[in-house]
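Trainee: Got a structure for you, written out below as structure tokens; questions coming shortly.
The values are calculated or read from the model by the stated rules, or taken from the named source; none is laboratory data. Note that the structure is predicted; figures quoted are calculated from it, not measured. FYI the Cβ positions are ideal-geometry reconstructions off the backbone, even for glycines, and counts take in every protein chain you see. Quick note on the areas: whole protein, heavy atoms, side chains included, nothing else; ligands and nucleic acids left out. Shrake-Rupley method; radii C 1.70, N 1.55, O 1.52, S 1.80 Å.
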Amino acid sequence: MTVSRSEYCVVACAEAWRGNGEVLASPMGGLIPAFGARLAKRTFSPELLLTDGEAMLVGLDGTVEGWLPYRRHLTMVTGGRRHVMMGASQLDRYGNQNISCVGDWERPARQLLGVRGAPVNTLNNPVSYWVPRHSTRVFVARVDMVCGVGYDRAAGARYHRIPRVVSDLGVFDFETDDRSMRLASLHPGVTLDQVRDATGFALTIPADVPYTREPTTAELRLIREVIDPDSRREREVRS
């Protein structure tokens, strides 16, 4: 059974929540992280908590299962009981993220979302990132403005952790001595040269880079028939 690039990305995003236990999964910045969170909950991480994006805890079919008042939500956010997967307009080698502006922040060439909750998220609970178009415009030597806090700026932050970055080319982590970005796996069909050419800094690349794991037959069925039967994933990442 042929697996599309977008399906590898869904599985790679789902893996971010493996072993997290009963934490609030907050996928943002795209459909594929949301599909990944649902896949994780349906398979290897059933304890995950999902929300409607506002104040309700919901089941896999959207049925309301509980109320999450704002103060309780903040308790989870500031106590490491939430794992966010955010988007990024820029990311550097230490995981600093920018979603605010391109260019000098005093006179930006382009205004983006703004800082939003990125500093609080990154300093107080695990945050992974999803990048649907891997390029040197996103993976930069230095972000124009720090919104999400990277490893080189997070000294002493108790719950700061960036488990993984997933792009349409591969999976990346920070399992290096200096906490700089490392290539953890390539999606099948992607080459090392493609990743190097699309990254604006020197990645740590192990001698033997594995491919992103294959989805199981059951996972593929869930993705195609239950979670995303309309194939919206294929519009976010094209094979």
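Trainee: Considering only segment 8-42, state which residues are closer than 16 Å to VAL237 by Cα, assigned to a loop (DSSP other than H, G, I, E, B) and not hydrophobic (A, V, I, L, M, F, W, C).
Mentor: GLY29, GLY30, listed by residue number.
Trainee: Now a separate question. Can you say whether VAL84 is β-branched (Val, Ile, Thr) and either open to solvent by 50 Å² or more (accessible area, probe 1.4 Å) or assigned to a loop (DSSP other than H, G, I, E, B) (or both), as far as the supplied structure shows? Give the steps one after another, and end with the answer.
Mentor: Numbers: β-branched (Val, Ile, Thr): yes; either open to solvent by 50 Å² or more (accessible area, probe 1.4 Å) or assigned to a loop (DSSP other than H, G, I, E, B) (or both): no.
Spelling it out, it is not the case that VAL84 is β-branched (Val, Ile, Thr) and either open to solvent by 50 Å² or more (accessible area, probe 1.4 Å) or assigned to a loop (DSSP other than H, G, I, E, B) (or both).
Trainee: Are any of the residues in segment 208-222 within 19 Å of the chain's Cα centre (by Cα), over 16 Å from ALA12 (Cα atoms) and in contact (Cβ under 8 Å) with a residue 40 or more places away in the chain?
Mentor: The answer is no, given that none of the residues of segment 208-222 is within 19 Å of the chain's Cα centre (by Cα), over 16 Å from ALA12 (Cα atoms) and in contact (Cβ under 8 Å) with a residue 40 or more places away in the chain.
Trainee: If GLY189 meets every condition in (1) under 19 Å from the mean Cα position of the chain (by Cα); (2) at positive phi apart from one, which number is that one?
Mentor: (1)
Trainee: Shifting gears a bit: For residues that are outside any helix (DSSP H, G or I) and either more than 20 Å from ALA37 (Cβ to Cβ) or open to solvent by 90 Å² or more (accessible area, probe 1.4 Å) (or both), scanning just segment 65-75, find the one that is modelled with the lowest pLDDT. Break it down into steps so the answer makes sense when it comes.
Mentor: Narrowing segment 65-75 to residues outside any helix (DSSP H, G or I): 65-69.
Imposing the further condition that a residue be either more than 20 Å from ALA37 (Cβ to Cβ) or open to solvent by 90 Å² or more (accessible area, probe 1.4 Å) (or both) reduces the set to 65, 67, 69.
Values: GLU65: 87, TRP67: 86, PRO69: 81.
So, considering only residues that are outside any helix (DSSP H, G or I) and either more than 20 Å from ALA37 (Cβ to Cβ) or open to solvent by 90 Å² or more (accessible area, probe 1.4 Å) (or both), the one modelled with the lowest pLDDT is PRO69.
Trainee: In addition: Give all pairs with beta carbons closer than 7 Å in which a residue from segment 23-41 that is under 21 Å from THR122 (Cβ atoms) and open to solvent by less than 40 Å² (accessible area, probe 1.4 Å) meets a residue that is outside any loop (DSSP other than H, G, I, E, B) and modelled with pLDDT under 90; count only pairs at least 6 apart in sequence or on separate chains.
Mentor: Final answer for the pair search is LEU24/THR51; LEU24/MET76.
Trainee: What pairs can you find where one residue is in segment 117-136 and within 18 Å of GLY36 (Cβ to Cβ), the other is among the aromatic types (Phe, Trp, Tyr) and surrounded by 21 or more Cβ atoms within 10 Å (Cβ to Cβ), and their Cβ atoms are less than 9 Å apart, with a gap of 6+ or different chains?
Mentor: As it stands, the answer is SER128/TRP17; TYR129/PHE172; VAL131/PHE139, since those pairs meet every condition given.
Trainee: Being touching a residue at least 60 places away in the same chain (Cβ under 8 Å) and of a type in the set (Asp, Glu) is the filter; apply it to segment 1-22 and report the residue that is farthest from GLY66 (Cα to Cα).
Mentor: GLU7
Trainee: Residues being part of a helix (DSSP H, G or I) and modelled with pLDDT under 90: count how many of those fall in segment 106-128. Break it down stepwise before answering.
Mentor: Taking segment 106-128 and keeping what is part of a helix (DSSP H, G or I), we get 118-124.
Still in the list and also modelled with pLDDT under 90: 120-121.
Qualifying residue count, segment 106-128: 2.
Trainee: Within segment 43-55, does at least one residue satisfy the condition of being in contact (Cβ under 8 Å) with a residue 60 or more places away in the chain, open to solvent by 20 Å² or more (accessible area, probe 1.4 Å) and either assigned to a loop (DSSP other than H, G, I, E, B) or touching a helix residue (DSSP H, G or I) at 6+ places or on another chain (Cβ under 7 Å) (or both)?
Mentor: Looking for residues that are in contact (Cβ under 8 Å) with a residue 60 or more places away in the chain, open to solvent by 20 Å² or more (accessible area, probe 1.4 Å) and either assigned to a loop (DSSP other than H, G, I, E, B) or touching a helix residue (DSSP H, G or I) at 6+ places or on another chain (Cβ under 7 Å) (or both), one finds at least one in segment 43-55, hence yes.
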